[in-house]
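The values are calculated or read from the model by the stated rules, or taken from the named source; none is laboratory data. A quick note: this is a predicted structure, and the numbers were derived from the prediction, not measured. Here the Cβ positions follow ideal geometry from the backbone for every residue, glycine too, while neighbour counts run over all protein chains shown.
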Amino acid sequence: MTTIALVLAAVSALIALICFAALIEMYKSLDEIQKYVEYDDAPKALPETTRAILGRSSGELGLPRRLEGTSFVMLLLSPKCLTCGRLAQRMAPEVPSDVALVVTASDEENAIGWLGSVGIDPEDAILDTDLEIANAFELYTTPAVVRFHNGRALGAWSIASYRALKTVLAQEPPEIALEDTSSLDALGGKNYAAAG
């Protein structure tokens, strides 16, 4: 009886090891496929937007006063955008505390309905039905993110996935003078993929 238990334990361990090795191989294959098809979902810099907003305060750009002086990432989404819907569903039911979610929509009813369909409480979002915020940021693409540090805009990126959003959230904001637009690379004027 003990021998049978030992054999079963050994077989189970061997099967678990084979499954783990297969999982590693699958991950490597996925990485190779992404390289082959040149799939890159890293955040892409929006240098024109970055130049327009660099160093400006969140309040000056139309965001609520509660965000003044804080460090956060503004995420701009639209109900018309499929990727935006997928991003919102990944964040649901609760938007991370360091994300200010801005939804641009034709009217408030449309925005609230869309937020409900993706599982986010409308109270967790800023509704931009008159496009005042999007226009202040000169952001005409969604989904897009803008990083703020101590209430000041540092840079803007377009993103294509939840993984790209997490990349922006994980980055530490640079400690440099905001008036220096010559060093846009340090402020986000480059792509994360190029940044390494």
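Screening GLY55 on (1) loosely packed, with under 15 Cβ neighbours inside 10 Å; (2) in contact with a strand residue (DSSP E or B) (Cβ under 8 Å, 6 or more places away or on another chain); (3) in a helix (DSSP H, G or I) shows it passes everything except condition (3).
Every condition in (1) surrounded by fewer than 14 Cβ atoms within 10 Å (Cβ to Cβ); (2) within 20 Å of ALA164 (Cβ to Cβ) is met by ASP107 except one, and the failing one is (2). Considering each residue of the range 88-97 in turn, at least one proves to be in contact with a strand residue (DSSP E or B) (Cβ under 7 Å, 6 or more places away or on another chain) and closer than 27 Å to ALA153 by Cβ.
Within 21 Å of TYR162 (Cα to Cα) and surrounded by fewer than 16 Cβ atoms within 10 Å (Cβ to Cβ): is that true of GLY119 in this structure?
Working: within 21 Å of TYR162 (Cα to Cα): yes; surrounded by fewer than 16 Cβ atoms within 10 Å (Cβ to Cβ): yes.
The answer is yes for GLY119.
When the test is whether a residue is of a type in the set (Ser, Thr, Tyr) and more than 13 Å from THR142 (Cβ to Cβ), THR83 does not pass it. Contact map, the range 53-64: residues that are more than 10 Å from LEU154 (Cβ to Cβ) paired with residues that are among the small types (Gly, Ala, Ser), Cβ distance under 6 Å, separation 6+ or inter-chain. Pairs shown: ARG56/ALA153; SER57/GLY151; SER58/GLY151; LEU61/ALA136; GLY62/ALA136. Note on the range 123-154: residues that are in contact with a strand residue (DSSP E or B) (Cβ under 9 Å, 6 or more places away or on another chain) and among the charged types (D, E, K, R) total 5.
Please give the number of the condition TRP114 fails out of (1) more than 15 Å from LYS166 (Cα to Cα); (2) part of a loop (DSSP other than H, G, I, E, B); (3) in contact (Cβ under 8 Å) with a residue 24 or more places away in the chain. The single condition TRP114 does not satisfy is (2).
With of a type in the set (D, E, K, R) and modelled with pLDDT under 90 as the only criterion, which of ARG66, ARG147, ARG86 stands out? Spell out how you get there, then give the answer.
Numbers: ARG147 fails: modelled with pLDDT under 90; ARG86 fails: modelled with pLDDT under 90.
None of the others qualify; the one that does is ARG66.
Within the range 159-183, residues that are buried (at least 16 other Cβ atoms within 10 Å of the Cβ) and modelled with pLDDT of 85 or more have Cβ atoms under 8 Å from residues that are hydrophobic (A, V, I, L, M, F, W, C) and assigned to a helix (DSSP H, G or I) in these pairs: ILE159/LEU87; ILE159/LEU165; ILE159/VAL168; SER161/LEU87; TYR162/LEU87; TYR162/MET91; LEU165/LEU87, counting only partners at least 6 apart in sequence or on another chain.
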